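Derivation of every value follows stated rules applied to the coordinates shown; laboratory data play no part. Computed from a predicted structure; not experimentally measured. Here Cβ is always computed from backbone atoms with ideal geometry, including for glycine, and neighbour counts include all displayed protein chains.
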Amino acid sequence: MSSASLGIIKYDERIVTMAYKELAENIRLEIRTREMIPEEGRKNHDLTAASGKIDKAVDYLNERIILSGIRLAKEVGEYVLNTFFDDDYAKFSDPSRSKSKSFRSLLMREDLMLGKATIYNFVRISHQLTLLPADVAAQLTLAHHRALLPLQDSENKRTLACQALQEGWASQVLSEEVRKLLPKSRRGRKPLSSLAKKIHRMEKMLDSALEEDFITQEIQELGPERSLVLIEQVDKNLERLEALKKALEGTLKI
């Protein structure tokens, strides 16, 4: 075979080799592309599912606003615990665990009508209700249940709850009794700031003024003109409270 013929064969072999490598690379690229598409699809599906879950939660929680007192706290707390923490209070209460991304996203929703602190307290209260005798828990006000939250010992919670009901303690009295049972490290905390004291005073006034039976009777006796004046005053103060809440929430780490 002539040298010219050998050169042509070697040239043809190089062409075949290059074509083979190009084909192999295209096949590998096609395989990678096909593998990536389902994975991307799964990610999009997960994002859509998470977004739908949060939308549904916001709608449900906002609808509960029409409720009040213990029923409101119970329904909100149970829903949040079941939906975002698999009905496991330990997952919610353990400070060493970071909260789920979906729960953090829920708390950041601007259209959610319940604040972060309110949701946290309602989950804690809903759990606390399971630790108290049902008949006792049902007769205590929301303010009483909030007063019991600092107690870690379940037996102390039950004892003071029963005593508060039997002796007709106001929530402020119960708070004082709870404080006596707290460890010295907690009782010895630095004094409350002026702002904290004002908020606590406001909370106490609202607790006493908005007793369910009393407020229902008062509203029924109001005329349209007086109702409009009060609505305007409430709206004005809600705006101021909302501004304060946002400022305080800025200090929270979700």
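For the pair LYS56 and ASP86, what calculated FRET efficiency results from E = 1/(1 + (r/R0)^6), where r is the Cβ-Cβ distance and R0 = 25 Å, to the nearest 0.05? According to the calculation, E is roughly 0.90. For the residue pairs LYS53/LYS157; LYS99/LYS245; LYS180/LYS236; LYS56/LYS198, alpha carbon separations beyond 29 Å are given by LYS53/LYS157; LYS180/LYS236; LYS56/LYS198. For the pair ILE231 and ILE66, a Förster radius of 22 Å applied to the C-beta separation gives a FRET efficiency near 0.85, rounded to the nearest 0.05. Applying 1/(1 + (r/R0)^6) with R0 = 25 Å to the Cβ-Cβ distance of LEU241 and GLN172 gives a FRET efficiency near 0.75.
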